[in-house]
1. Among Pro291, Gly304, Ser278, pick out the residue whose Cα is farthest towards the positive end of the charge dipole of the range 268-307, where Lys and Arg carry +1 and Asp and Glu carry -1 on C-beta, about the Cα centre.
2. Quick one: net charge around Asp150, please, counting Lys, Arg +1 and Asp, Glu -1 for every other residue with C-beta under 14 Å from its C-beta.
3. What ranking, highest mean first, results for peptides 390-397, 199-206 when packing means the other Cβ atoms within 10 Å averaged over each residue?
4. Under a no-solvent Debye model with one identical scatterer per Cα of the chain, what's log10 I(q)/I(0) at q = 0.07 Å⁻¹?
5. Could you please state how large a percent of the accessible area of the chain is carbon and sulfur, counting protein chains only and using a 1.4 Å probe?
6. Based on the Cβ-Cβ distance from Glu307 to Gln329, what FRET efficiency comes out when R0 is 30 Å, to the nearest 0.05?
7. Measure nothing but the geometry: give the 0 to 90° angle between the long axis through the Cα atoms of 9-25 and the longest principal axis through the Cα atoms of the chain, rounded to 10°.
8. Can you work out the Karplus-derived ³J(HN,Hα) for every residue in the range 87-100? Use 6.51 cos²θ - 1.76 cosθ + 1.60 with θ = phi - 60°, whole Hz, and x for glycine or proline.
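The values are calculated or read from the model by the stated rules, or taken from the named source; none is laboratory data. Quantities reported herein were computed from a predicted structural model and do not represent experimental measurements. Ideal geometry is used to build each Cβ from the backbone, glycine not excepted, and the neighbour counts take in all protein chains shown. Quick note on the areas: whole protein, heavy atoms, side chains included, nothing else; ligands and nucleic acids left out. Shrake-Rupley method; radii C 1.70, N 1.55, O 1.52, S 1.80 Å.
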Amino acid sequence: MDGKKLADASELQANAEAQLAYTLEYGYVARAGAAAVSCWFAKTGLESEVDKRLWCGPVQVPGTGATTDWVPVPLKEVTKTDDEVRYEVQSPQVPEKGNRSTPGGTLVRTDGKEFDPSKQQDLTAGRDFLAVLPDDGKRSNHELGLGDADIKLRDDLLGTAVTGWANPDIWFTSEGTLRAEAGSRLRVVRMKVDKLNETDSGFHRTNWQGFAPQPSELALEVPGKRQVLPADRLPANGSVFVVYTVPDPQQGAEHLVLGTLGAKSLEQRAEVPSGKRSDNAPQVLQRAAAPPQFTERTQKIRFGGRELGMKITGVRLGRQRPVKLGESQYDVVTISAPDKALLEVRVEAAGDLPDTAGGLWTKDLITVTLPDGSAARQVGARYDGGPLPFAIVVEVPADTRSVSVGMVDGQLDLPRLGKTTIAPVDSRATLALEF
């Protein structure tokens, strides 16, 4: 190392392996090979020269792919003579969940063994193994040897649906074949994911009051362990396979857990693969958030001397929705009780648009009527530079199956237009919420 002989190299290997035993014991990494985890020096490309880190493995950092990961262990210089240098091992630098760490070049041990970490190899998955793998959706559950499953969990920032499940002896991945080691069993879950904080336009804001809404957290709970699925391993909208191990014999049920973070936190839990719920989630979150397709409706309105169309472009049901506060900032409102729901109605002005930023005022003329004839309480809206808001949010009973939406008569003092009379020309729109 640095042109000098490295003293007690075998002892450094042994000390690093002892350090790594703790990371395995506490589940920071999982075993990913039939052989014992061992620590290696990395050749630097120069003759007989090695890097100032040991690399310990093969292991798997939970949340990465079904490939071999390695844990670097730094070395600290202790003494040095003209011919020899002595080092001691430092604490292992365990990668964050879902992040890989792989050495370049060839690995070597003091007994002369060499290993190329870039070679694909079959893996033996140990305790705490968890891989998140892409799914192109081209093969059916039957073709993959998966049983069908139907588990849905959602909040307003993340939606997930388990569509397939298996308990295989072996699983084939693009990186190689995967088996569980003795004392563990392999599980495979096929899961659709929709990161609503990225795909729902209501959250495309940068000027939040305080902190932006925290993305929700998806996790798998196996007996004795909770494994968070790293957000950067999940697609914005798509499907993945989650391959993990459970103790054998089985010591309890597995659960899929969805955690809504922030001031109004919430945890939802469903048993895998039965889907049995073990939480107290609000009723609205056990319904779909929006229809798969929405047929737009338009109500004609008189806007001063013009005739406009108020086009209803979509609806969403949820526990929380983003709304605008005053001139610029946004915040998230939450239902007032577990048996309530927030209904967001998205609208758009169409036709010969007047030159006014009137959404702050016209939002109050857009009303939502419940089947019993009462008006739903408006809890917020989102608006920008046009004459109408682009969304209003009202609170309704969670079991509401239809509403009517429309503009009512009013006279408003609008920017640049002054006093303006607004009135509906044709009837209100009835919206079915059967989704």
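1. Gly304
2. +4
3. Going by the mean number of other Cβ atoms within 10 Å, highest first, we get 390-397, 199-206.
4. Per q value, in the given order, log10 I(q)/I(0) is -0.51.
5. Roughly 47 percent of what the probe reaches on the chain is carbon or sulfur.
6. Once the sixth-power term is evaluated, E becomes 0.35.
7. 40
8. Per-residue couplings from phi come out as 10, 10, 7, 9, 5, x, 9, 5, x, 4, 3, x, 9, 8 Hz.
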